Amino acid sequence: MQITECVSANSVVTELQGKDRHDVLRELVELLAANGHVPDYETALEHVLERESLESTCIGQGLAIPHARVAGLSNMAVAFGRSRPGIDFNALDGFPAHLVFLLLYPPKDAAKHLSFLSELSTLAVRHNLVARLMEAPDAGTILRVLADADAEHEASIARGAQQSVAGASEQRADEGGLVNPVIALLARLQRFEQHKAAIAGEPIPDALDEKILNIKSLVPKRHLDHFYKLMDRRGLAVVPVERGACQGCHMQFSSAFNQEISNPRRIFNCPSCRRFLFIV
Ligand SMILES: [Zn+2]
């Protein structure tokens, strides 16, 4: 997932005007609407606030990633805002949010949105992203910091080929990741495999094949085998859970099972269609 793929200079606010969570969310949704990314501003804001009321999207370290699925968007849209005084986002760690990435995505981009969340939370922890974004003097520098972070993230995924995934997965969950790292890798793999299928018949770019090989080397074989079986038979292997239901087969889960799935230390498959699940 390339963060810079989704954030453009006109979607960056270096000094947010809003003083509370509601104002800031409105400000960022307005910005995306003004840039022509969001056809229905009111509905988009409603979805964002609804999602935020379920659970704080502040992941700690001053970073908040409010997000919502919005029908009618053509692509995932991201706005970034910075607040030096900080905004109370009702974070678990009690600290205010200084950096806010707002993600709005169409239903088809649920897996892409997951890669974005996962990459940002990893970068925040591992690459000192928060401090670097706080220091950036202008929107151009903010974009450069994000581009550098993207490149570092790609490089660390490649290096990760030498590490054991089991070790890495526990470590990342401890560091406050939102998403199980194996699920995050499988969601990336699914994106790359879909891209590969979409260009079938054309020569496959080396970079794409390389990314696929890297991920394959990181995911334990039993998950990988299951993943490819699902891709073959069902077209999609990693699907979101929304409003408590599997989006692959629409099975409605119990609230206890929904609670369990949100644990980023574990990997869950839908009891009905067996697809890998992640919570939106
Ligand atoms: Zn299912």
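Odds and ends about this structure:
- Among residues other than residue 109 with Cβ under 11 Å from its Cβ, the summed charge is +4 (Lys and Arg +1, Asp and Glu -1).
- Counting 0.36 nm for each residue step from residue 195 to residue 234 and taking away their Cα separation leaves a gain of 12.4 nm.
- Database remark: amide H of residue 16 closer than 5 angstrom to the amide H of 82, 83, 84 (H placed geometrically; neighbours at sequence offset of 5 or more, or on other chains; Pro and chain starts carry no H).
- A simple spin-label model places pseudo-atoms 7 Å from Cα toward Cβ; at residue 222 and residue 141 they are separated by 5.0 nm.
- Shape annotation for region 224-280: C-alpha extents along the principal axes are 30, 24, 17 Å, from largest to smallest.
- Over the chain, relative contact order from alpha-carbon pairs under 8 Å, at least 6 apart, %: 16
- Beta bridges per DSSP, both residues in the chain: antiparallel share near 55 percent.
- Calculated FRET value between residue 258 and residue 53, using beta carbons and R₀ = 22 Å, to 0.05: 0.85
- Using the Cβ-Cβ distance between residue 30 and residue 151 with R0 set to 35 Å, the FRET efficiency from 1/(1 + (r/R0)^6) comes to roughly 0.65.
- Each of 226, 37 has some number of other Cβ atoms within 10 Å of its Cβ, and from fewest to most they run 226, 37.
- The amide H of residue 245, built 1.01 Å from its N in the peptide plane, has 253 as neighbours under 5 Å, considering only residues 5 or more places off or on other chains.
- Each principal axis of the chain carries a Cα extent, and these read 49, 40, 38 Å when sorted largest first.
- Note on the chain: dipole from Cβ charges, positive end direction compared against 99, 140, 120; the farthest Cα belongs to 120.
- Coupling constants for region 96-103 follow from the phi torsions by the Karplus curve (6.51 cos²θ - 1.76 cosθ + 1.60, θ = phi - 60°), and in residue order they are x, 8, 9, 10, 10, 9, 9, 10 Hz; glycine and proline get x.
- With a cut-off of 10 Å between beta carbons, the residues surrounding residue 248 carry a summed charge of +3, where Lys and Arg count +1 and Asp and Glu -1.
- Working from Cα pairs under 8 Å separated by at least six residues, relative contact order for region 179-279 is 31 percent.
- Computed from backbone phi with θ = phi - 60° and the Karplus coefficients 6.51, -1.76 and 1.60, the 3J(HN,Hα) list for region 216-232 is 4, 6, 9, 9, x, 4, 5, 6, 5, 4, 5, 4, 5, 5, 5, 4, 5 Hz; x is used for glycine and proline.
- Among residues other than residue 6 with Cβ under 14 Å from its Cβ, the summed charge is -2 (Lys and Arg +1, Asp and Glu -1).
- Length available on full extension from residue 245 to residue 88: 0.36 nm per residue minus the Cα-Cα distance, which gives 53.5 nm.
- Annotation: amide H of residue 274 has no partner in the under-5 Å range at sequence separation 5 or more or interchain, hydrogens built in the peptide plane.
All of the numbers you see were taken from the coordinates with simple rules; none came from a lab. For clarity, every value in this text was computed on a predicted model and none was experimentally measured. Cβ sites come from the backbone with ideal geometry, for glycine too, and all protein chains shown count toward neighbours.
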